[in-house]
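Presented below is the structure to which this report refers.
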Amino acid sequence: MVAIRVPRSQRAKRELLKHAPRLVETGKKTLILHGTKTSAVVNSVLADIFHLKRDNAVKFSKKNDNIRPFESGGETSLEFFSLKTDCSLLVYGSHSKKRPNNLVLGRTYDHHIYDLIEVGIENYKSIESYVYDKKLAPKLGSKPFFAFIGDHFESVEELKHLREVLLDLFKGEVVENLNLAGVDRIFVCTAISPTTVYMMHCALRLKRSGTSIPRIELVEVGPSMDLVVRRHRLPVESLKKEAMKTADHTKKMKNVSKDPVQGKLGKVYIPDQQIAKMALSNDVKGLKRERREAKKNKEHSKKQKIDAE
């Protein structure tokens, strides 16, 4: 495990807070690494991923012998590199006889491994193999569309996990407003089987349609490949609960609650009334009535006394 760093000055504390987890995330950086042994296909895939995310990615060119995902003690180097480069997304490529053209996609939380998914690469076509009008090439920093086609993305746990990781990997920075001209590409992922997904990257060509909404055509610009799911590891429940915290922007009101049936409810607290200690004024109508009745009774009794004499 990576040692916990304790700041010794206010400047160091502010620097560590910049790299700490946040309730509202902006963009995520991606770390791209090579394994002990890689193939030409894996090298080309890593190069294409770095080309698509070159504005927010770090790529290591040297081979890493100590990284072994899904193994005990083999992920320490991944956490160390994630801490040093401040990257929360990981792409690790390797090649072996048991797992040829292997790609491991992972995410970290607080620079600790959050989850991992391992896929095999088949039927790969690089960006350089496509011929198209270079004016249609996606611009740096543009936002992509995503299309996930197939029922397996809703029923198969591995493909659900793969969809989440792919969205985190290619969605870019979080923005509030979006211009239609800034969306110029799309990732189309088709579930061929419960373990295989065909992914392709296309540019969007906007054409006139006679209405205010333009007609969209897809032009394949690469890369494209088949992703075969091999292994995956979901996050620990306690870590997932910590990572899924969201910021509550609503202002809390004291003694106010909401009910799905009755709606908005409020509590009003009234202090105890000390009736025995309340000062009564002489202007109370009830007292005037009592005085009149007492005076009338007194006069009546006095009259009766005089008649008796």
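The values are calculated or read from the model by the stated rules, or taken from the named source; none is laboratory data. For clarity, every value in this text was computed on a predicted model and none was experimentally measured. Cβ atoms come from the backbone with ideal geometry, glycine included; neighbour counts cover every protein chain shown. Ligands, DNA and RNA are stripped out before the accessible areas are found, and what is left, the full protein with its side chains, is counted by its heavy atoms. Shrake-Rupley method; radii C 1.70, N 1.55, O 1.52, S 1.80 Å.
Probe of 1.4 angstrom, ligands and nucleic acids ignored: what's the accessible area per residue over the chain, in square angstrom? Provide the component values of the computation, followed by the final result.
Values: 21390 Å² over 309 residues.
Heavy-atom accessible area per residue stands at 69 Å².
Using only side-chain charges placed at the Cβ, +1 for Lys and Arg and -1 for Asp and Glu, the dipole size of the chain relative to its Cα centre rounds to 1900 debye.
How much net charge surrounds Arg163 when only the other residues with a Cβ under 14 Å from the Cβ of Arg163 are counted, with Lys and Arg +1 and Asp and Glu -1?
Numbers: positive: Arg107, Lys160, Lys171; negative: Asp115, Asp151, Glu154, Glu157, Glu158, Glu164, Asp168.
So the environment of Arg163 carries a net charge of -4.
Each of the peptides 139-147, 106-114 was scored by the mean count of other Cβ atoms within 10 Å over its residues; in descending order, highest first, they stand as 106-114, 139-147. Computed extension gain for Ser72 through Lys267, at 0.36 nm per residue and net of the alpha carbon distance, reaches 64.8 nm. For the chain, the C-alpha radius of gyration divided by 2.2 N^0.38 Å, with N the number of residues, is 1.84.
Give, as a single signed number, the net charge of other residues whose beta carbon lies under 13 Å from the beta carbon of Asp115, with Lys and Arg counted +1 and Asp and Glu -1. Summing Lys and Arg as +1 and Asp and Glu as -1 gives -1. What shape does segment 26-107 have by the C-alpha gyration tensor, where a ≥ b ≥ c are the square roots of the eigenvalues, rounded means a/c under 1.5, and otherwise prolate means a/b greater than b/c and oblate the rest? In terms of gyration-tensor shape, oblate. For segment 182-253, the Cβ-based charge dipole about the Cα centre amounts to some 260 debye (Lys, Arg positive; Asp, Glu negative; other atoms uncharged). Return, ordered by residue number, the residues of segment 174-191 whose backbone nitrogen is under 20 Å from a label point located 7 Å along Cα→Cβ of Glu220. Within reach of a label on Glu220: 184-191. Relative contact order for the chain: 15 percent, from Cα pairs under 8 Å spaced at least 6 residues apart, divided by residue count.
Surface composition of the chain: carbon and sulfur make up 53 percent of the accessible area, probe 1.4 Å. Full extension of the segment from Arg292 to Thr85, taken as 0.36 nm per residue of separation minus the current Cα-Cα distance, would add 65.1 nm. Estimated purely from DSSP H runs of n ≥ 4, each contributing -39500 (n - 2.57), the mean residue ellipticity at 222 nm for the chain is -8000 deg cm²/dmol once divided by its residues. Cross-link pairs exceeding 24 Å between alpha carbons, from the set Lys28/Lys241; Lys13/Lys251; Lys28/Lys84: Lys13/Lys251.
Principal semi-axes of the equivalent ellipsoid, √(5λ) from the alpha carbon gyration tensor of segment 131-258, are 32, 25, 13 Å from largest down. Full extension of the chain between Leu178 and Ala137 yields a length gain of 12.8 nm, computed as 0.36 nm times the residue separation minus the alpha carbon distance.
Note on Met244 and Ser96: their simple-model spin labels are 3.2 nm apart, each label 7 Å out from Cα toward Cβ. Highest GNM mean-square fluctuation among Arg205, Arg231, Arg14, for the chain modelled with Cα contacts below 10 Å: Arg14.
Highest mean first, how do 169-176, 267-274, 187-194, 116-123 rank when packing is the count of other Cβ atoms within 10 Å averaged over residues?
On the way: 169-176: 13.6, 267-274: 6.0, 187-194: 17.0, 116-123: 18.9.
With the highest mean Cβ count within 10 Å placed first, the list reads 116-123, 187-194, 169-176, 267-274.
Mean Kyte-Doolittle of at least 0.5 and a Cα length of 15 Å or more along the axis: which whole DSSP H helices of the chain meet both? Intermediate results must be reported in sequence, preceding the final value.
Details: long enough: 40-52 (18 Å, 1.55); 157-170 (20 Å, 0.03); 285-308 (35 Å, -2.43).
Length and hydropathy pass: 40-52.
Dipole orientation for the chain: of the candidates Thr108, Leu162, Asn177, Asn177 has the Cα lying most toward the positive pole (charges on Cβ; Lys, Arg +1; Asp, Glu -1). Near Ser72, once Lys and Arg are set to +1 and Asp and Glu to -1 for all other residues with Cβ below 15 Å from its Cβ, the sum equals 0.
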